[in-house]
Amino acid sequence: MSVHVIKMPDIGEGIVEVELVAWRVQPGELVKEDQILADVMTDKATVEIPSPVHGRVAELGAAAGTVMRVGAALIKIDMEDGAEAPAPVEPPAQARPDPAPRAAVPAPVRSPAPAPAPVAAHDRPIASPSVRRQAWELGVDLSQVRASGTAGRIMHADLEAYAAAHPQRSARVSAPTPAAAAAAPRPPAITGSDAVEAIPIIGLRRKIAQKMQEAKRRIPHFSYVEEVDVTELEALRQTLNQQHGATRGKLTLLPLLARAICRALRQHPQLNARLDDEAGVLTRFDAVHLGIATQTPAGLMVPVLRHAEALDPWRCAAEIRRLAEVARNGRATRDELSGSTITLSSLGALGGIVSTPVINHPEVAIVGVNRIVERPMLRDGLVVGRQMMNLSSSFDHRVVDGQVAAEFIQAIRAMLESPALLFVD
């Protein structure tokens with residue numbers, strides 16, 4: 001048999017390295033031509049790598065979670081007798097727009113995960129509750145004791161050997177009498193587990209971490225929080241749902257917020273923009289491609305509501321539902337996950353009182369929505385219950401001044417508190 005080395009293919013778009021998310025095969029397994037060997041992840045999508053040959057897996061090039069450069073040896077396959085080696089070209093990469101990491105599916109692990117690193121000497125010593133209790137009684141600092149147990153665990157024999165070799169370091173000057181020892185108070189028994197779990201940050205979770213770190217590193221954020229009385233808006237929404245919900249679908253708060261944002265951007269177009277900080281160019285957009293921050297089982301995604309300014313509330317609501325569904329099911333396309341010009345973030349009932357959302361780089365603004373709470377408010381000299389909600393929004397201070405940000409949020413507030421303005425051009 002001959003050994004065929006499959007290299008990491010050039011996926012295009014100028015990508016020079018990808019993350020190996022999961023193996024679909026393991027050493028010794030027979031594979032067929034076009035069978036998927038591994039899943040790799042770029043900045044925008046998960047890509048399936050197929051086999052160009054029949055054969056048996058001889059060696060995996062790296063463990064899941066490894067970042068590999070294009071052209072690196074991905075896998076070695078022993079070709080079966082009579083099988084012809086393919087032309088020396090890299091196998092085509094079958095791009096899947098599913099950004100969810102395949103490592104999360106309950107398939108057998110194909111390659112062993114790296115073993116967790118040994119506990120460093122400065123970390124909390126590993127010892128059982130009884131050993132800790134004995135150390136307390138002897139006055140011995142466990143961090144000074146050499147461990148002989150598995151994975152650096154301190155045993156009773158280790159403790160006793162240390163105490164015998166270092167009597168001067170023990171808090172016990174002389175042995176107490178049996179009566180004194182019996183009368184001495186004992187510390188409460190230490191309960192609980194000393195187990196730890198090392199969880200590799202790979203796949204989509206790594207991409208999210210990198211994107212958030214990049215956004216905070218590159219963008220000087222500032223946040224602006226304003227409370228909004230949405231009593232009238234909620235009354236209007238309920239009325240619209242009663243009259244048109246059966247034929248047009250139910251309205252949530254999001255499509256009305258999207259409409260308010262789009263109309264406020266007419267007055268403040270500099271916030272509907274993306275900043276190329278390396279080129280020093282701010283690009284403004286007429287169309288509002290509204291990112292909708294969406295929590296999915298795989299992590300945070302931002303599907304894009306394209307041309308939100310052209311949608312009525314019901315079409316907007318339907319598209320938001322569709323985008324949320326495909327994102328949560330892992331079926332969002334690459335186009336549906338890129339190209340936003342400003343982002344709306346909402347945690348619904350979990351929205352808290354105030355938040356400081358992270359800007360979706362390279363955008364310059366994000367509007368955050370907190371939960372609605374009924375609170376007593378003073379109106380016309382009377383204390384009445386009102387539906388109150390905070391808007392917590394963040395801006396790129398390099399191109400957005402505080403006054404501009406405040407005027408933008410106040411324009412949104414005015415429309416939400418007088419919702420008839422949402423339908424007046």
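Descriptive notes on the structure:
- Of the residues screened, Val281 is not one that is under 20 Å from the mean Cα position of the chain (by Cα) and either in the same structural domain as Tyr224 (by TED's automatic domain parsing) or β-branched (Val, Ile, Thr) (or both).
- Qualifying residues in the stretch 300-321 (those that are hydrophobic (A, V, I, L, M, F, W, C) and assigned to a loop (DSSP other than H, G, I, E, B)) - the one nearest to Phe423 (Cα to Cα): Leu311
- When the stretch 235-253 is limited to residues that are among the charged types (D, E, K, R) and surrounded by fewer than 17 Cβ atoms within 10 Å (Cβ to Cβ), the one that is nearest to the chain's Cα centre (by Cα) turns out to be Lys250.
- Residues satisfying the criterion are present in the stretch 9-19 (criterion: under 21 Å from Ile199 (Cα atoms), at pLDDT 85 or above and not in a loop (DSSP other than H, G, I, E, B)).
- Pairing residues of the stretch 47-64 that are closer than 27 Å to Arg331 by Cβ with residues that are aromatic (Phe, Trp, Tyr), at Cβ distances under 7 Å and at least 6 apart in sequence or on separate chains, gives Ala64/Trp23.
- Within the stretch 6-29, being of a type in the set (A, V, I, L, M) and loosely packed, with under 13 Cβ neighbours inside 10 Å holds for one residue alone: Val16.
- Pairs where the first residue, in the stretch 329-341, is farther than 24 Å from Arg266 by Cα and the second is part of a loop (DSSP other than H, G, I, E, B) and among the aliphatic types (A, V, I, L, M), C-beta under 6 Å, 6+ apart: Gly330/Ala100; Arg334/Ala45
- Residues of the stretch 263-299 classified as in a strand (DSSP E or B), surrounded by 13 or more Cβ atoms within 10 Å (Cβ to Cβ) and free of Cβ contacts under 8 Å to residues at least 60 places away in the same chain, total: 5
- Hey, Ala324 small (Gly, Ala, Ser), part of a helix (DSSP H, G or I) and over 18 Å from Ile412 (Cα atoms) or not: yes
- Residue that is nearest to the chain's Cα centre (by Cα) [pool: residues in the stretch 189-229 that are hydrophobic (A, V, I, L, M, F, W, C) and within 30 Å of Ser418 (Cβ to Cβ)]: Phe222
- Selection of the stretch 390-408 for residues being among the small types (Gly, Ala, Ser), under 11 Å from His268 (Cβ atoms) and surrounded by fewer than 20 Cβ atoms within 10 Å (Cβ to Cβ) yields only Ala406.
- Looking across the stretch 36-55, the residues that are surrounded by 14 or more Cβ atoms within 10 Å (Cβ to Cβ) and of a type outside the set (Val, Ile, Thr) come down to Leu37, Ala38, Asp39, Met41, Lys44, Ala45, Glu48, Pro50, Ser51, Pro52, His54, Gly55.
The values are calculated or read from the model by the stated rules, or taken from the named source; none is laboratory data. All of these numbers come straight from a predicted model, not from anything done at the bench. Positions of Cβ are backbone-derived with ideal geometry, glycine not excepted, and every protein chain shown enters the neighbour counts.
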